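The values are calculated or read from the model by the stated rules, or taken from the named source; none is laboratory data. Predicted model only: the values in this text are computed from it and were never measured. All Cβ positions, glycine included, derive from the backbone under ideal geometry; neighbour counts span all protein chains shown.
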């Protein structure tokens, strides 16, 4: 591969760290029941974190199987685009079942559009730069969800 493999390993580590953040959130909220919108976001954090880690790691064996970096990245771009589409449709379906409104903020829309554009460019161009940018956009999604969960946490003594 013509890129620094350290970036892909770093993205894998970041994605797994983001996924494990859900455990940290659970530790923060030791008492009380979970709100539906928090559970919605926690699932999102874990699923996107694991999915992103697999996508980042898949580049290495796929280059060996396909025999070319460009071809492997184009395949990964298509896989990432399909993953993104299925994940977003799943989130919309889940969101419809959450009684409390789960806002879709401009940040989420911006990141989703960027991820769609970047994974599409990877599928077309097959460049490592496009793949690295797509991975960055994909890892932003669970990070935003984590910030939303943190915003809903209250200290144990806070009743407001």
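Filtering the stretch 114-126 to residues that are out of contact with any helix residue (DSSP H, G or I) (no Cβ under 7 Å at 6 or more places or on another chain) and either modelled with pLDDT under 95 or farther than 14 Å from residue 72 by Cα (or both) leaves only 117.
Could we say that residue 75 is outside any loop (DSSP other than H, G, I, E, B), within 21 Å of residue 51 (Cα to Cα) and free of Cβ contacts under 8 Å to residues at least 12 places away in the same chain here? I'd like the intermediate steps shown before the answer.
On the way: outside any loop (DSSP other than H, G, I, E, B): yes; within 21 Å of residue 51 (Cα to Cα): yes; free of Cβ contacts under 8 Å to residues at least 12 places away in the same chain: no.
Here the answer is no, as residue 75 does not meet what is asked.
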